[in-house]
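What follows is a short report on a single structure.
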Amino acid sequence: MSIQLSGSSLTEFAVILYPGLVKNLNGMLDTLGGITKVSQALEGETKRLELRYHYENPFNKALCGEINKRAGLLLSIKVRRSKRDRSKPPQYKVIQVKGLHLKVRFCVCNNLYLIMSFLFPGLCDFQYLPLVPHTENKHELKMMMHSIMPQSVIDLDFFNRTEVPLITVPTMFARYDNVHNNIFRGDFSNEDGQHEVLGVCQKSSYENRDIVMFNMVDSFPARPDPQIIKRMKVKYVSDEQFEKVKKLFEECPIWTRIGLLYESGVSNDKLKCITPSMAYYFSTGPWRTLYVRYGYDPRKDFNSRYYQTFDFRLRFRSGIAEFVSDRKTSIKKRQKNPYEINSLVQDIDYPYFDEHKLPRSRQCILRYCDIHMSKIQEMLEKIPSPLAGAMCNERTGWLPSGFDSQVRQIVSNVIKDLLKNHYRKEQIHAEVESCENMGQEAEDEEGAVSDEGGPDDFMNDDNIEEILGDMQIEADEIN
């Protein structure tokens, strides 16, 4: 049997699950900051209710109450217990529905009233009280609040004292007030890396690879850490995946991360384990954000100019913003519409730049050899060879000063031409469609169209070609 209740005729109550035995109602409200603080906390969802067991102590750490949606009624229940047989379970009978929870954020769902209640799920943490041993009885403690805080603003005697108790309180005792399940392991690794991998604490992603800052003095790593080789076995990296990446580094000593993912076909998680065993990572310099094969020094090889970093970025203007966005946004769009393909923009996982398509994202990290444009490759070929034993420049590498600006300007002009041609074609197609629609309407009105076609046709192939030519001339004049 179900009974539907009307909430308008019931009294509303606030719900605070107080973490303690309440003997004095006024004392409980004082720990919550009084009625004023409770009312302020009930006004918004994001606010928290602070509970201080020692509210007069400024060093007391507050226990914060969180707001939770709950459904409930306040019931008056009569309990009957057997006086003859105490072992019998008590009988409960609902006498009356007294009221509802307070309608702070009130909605009705399946005849239940969902409300906001305050819970205190966190730990009280460590509490510090200004207690010192009693002078007469050392086994007793006394409160020293009056000794460390002035009683009023005009209490000058407080500032004239010579003996003040030393009380130093830390800013916090714990970072979190919730319970977490942590499994701690000791780091028993030796310097030679001979210990079992499973017994070693997991390092961060930056510690799993050799990150090198480019300079002209220090030597670069020649071999990986032996511990990295064992870590690949834990990650279940197959020999086939390892050999694919190894073959790529044998063909080319410097790679981008997206290039390795595209050419090898290895997943991102597996590639994170394989690359530290084959290459180190440049964080600065002409080859920054690239992976370089162990033992290879790009400072001494003139051919490494093809692999220098080309950082190309687009400004979001009215034309380009319609097609190209940042990488995260592009990935989200592809996840929502996996079958939607734009032939004008390169695929987000494509590591190269073709002159017939727009860049894959707003910022593209490329090597100069990844730019598939004959003009730029000819510019790289025409750079004069240095003298024997010469070293590259610390800032520009093997490229002359201003070379990156020239390449950036060439790529920008190609993108502008692509956008102009795209909008010109859209304009032509739109005008052709409008002409065809007008022609169809005229044919319907005349009702004298020949099935085989002839001089009575409104539009034929010759007319369409003439219109396309006229519109091409108009588009060129507009641009």
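The values are calculated or read from the model by the stated rules, or taken from the named source; none is laboratory data. On a predicted model such as this, the values are computed, not experimentally measured, just so you know. Cβ placement follows ideal geometry from the backbone for every residue including glycine, while neighbour counts extend to all protein chains displayed. What goes into the accessible areas is simple: the full protein's heavy atoms, side chains included, and nothing from ligands, DNA or RNA. Shrake-Rupley method; radii C 1.70, N 1.55, O 1.52, S 1.80 Å.
Can you tell me which residue within the range 1-55, out of those that are modelled with pLDDT of 80 or more and of a type in the set (D, E, K, R), is most open to solvent (accessible area, probe 1.4 Å)?
Among them, the one singled out is LYS23.
With the checklist (1) open to solvent by 80 Å² or more (accessible area, probe 1.4 Å); (2) out of contact with any helix residue (DSSP H, G or I) (no Cβ under 9 Å at 6 or more places or on another chain) in hand, flag the one item GLN363 doesn't pass.
Among (1) open to solvent by 80 Å² or more (accessible area, probe 1.4 Å); (2) out of contact with any helix residue (DSSP H, G or I) (no Cβ under 9 Å at 6 or more places or on another chain), the lone unmet condition for GLN363 is (2).
Starting from residues that are closer than 25 Å to ASP297 by Cβ and not acidic (Asp, Glu), keep the ones in the range 221-231 and report whichever is most open to solvent (accessible area, probe 1.4 Å). Please lay out each step first, then the result.
Pass one, the range 221-231, residues closer than 25 Å to ASP297 by Cβ: 221-229.
The next check asks that each one be not acidic (Asp, Glu); those that pass are 221-224, 226-229.
Details: PRO221: 35, ALA222: 62, ARG223: 178, PRO224: 39, PRO226: 74, GLN227: 16, ILE228: 13, ILE229: 70 Å².
Per the criteria, the residue is ARG223.
In the range 255-284, which residues are part of a loop (DSSP other than H, G, I, E, B), more than 18 Å from ALA222 (Cβ to Cβ) and touching a residue at least 40 places away in the same chain (Cβ under 8 Å)?
Looking only at the range 255-284, we keep the residues that are part of a loop (DSSP other than H, G, I, E, B), and these are 256, 265-267, 278, 283-284.
Retained after the next criterion (residues that are more than 18 Å from ALA222 (Cβ to Cβ)): 256, 265-267, 283-284.
Those that are part of a loop (DSSP other than H, G, I, E, B), more than 18 Å from ALA222 (Cβ to Cβ) and touching a residue at least 40 places away in the same chain (Cβ under 8 Å): THR256, SER283, THR284.
Results for (1) of a type in the set (Lys, Arg); (2) assigned by the TED database to the domain that holds LEU49; (3) modelled with pLDDT of 70 or more, shown as yes or no for each residue.
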{"site": "ASN111", "(1), (2), (3)": "no, yes, no"}
{"site": "ASP125", "(1), (2), (3)": "no, no, no"}
{"site": "MET145", "(1), (2), (3)": "no, no, yes"}
{"site": "MET149", "(1), (2), (3)": "no, no, yes"}
{"site": "SER152", "(1), (2), (3)": "no, no, yes"}
{"site": "PHE158", "(1), (2), (3)": "no, no, yes"}
{"site": "GLU191", "(1), (2), (3)": "no, no, no"}
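Test of understanding: among TYR280, TYR306, TYR262, TYR294, which residue is touching a Pro at 6+ places or on another chain (Cβ under 9 Å) and closer than 19 Å to TYR368 by Cβ?
The match here is TYR262.
Working only within the range 396-413, note down all residues that are surrounded by 11 or more Cβ atoms within 10 Å (Cβ to Cβ) and at pLDDT 90 or above.
THR396, GLY397, TRP398, LEU399, PRO400, PHE403, ASP404, GLN406, VAL407, ARG408, ILE410, VAL411
Search the range 381-395 for residues that are in contact (Cβ under 8 Å) with a residue 24 or more places away in the chain and pair each with any residue that is open to solvent by 100 Å² or more (accessible area, probe 1.4 Å) when their beta-carbon atoms are under 8 Å apart and the residues are at least 6 apart or on different chains.
Short answer, once both residue conditions are applied: MET391/LYS300.
As an exercise: evaluate ARG315 against (1) assigned to a loop (DSSP other than H, G, I, E, B); (2) without any contact (Cβ under 8 Å) to a residue 12 or more places away in the chain; (3) over 23 Å from PRO359 (Cα atoms) and give the number of the one condition it does not meet.
Only one criterion in (1) assigned to a loop (DSSP other than H, G, I, E, B); (2) without any contact (Cβ under 8 Å) to a residue 12 or more places away in the chain; (3) over 23 Å from PRO359 (Cα atoms) is unmet by ARG315, namely (3).
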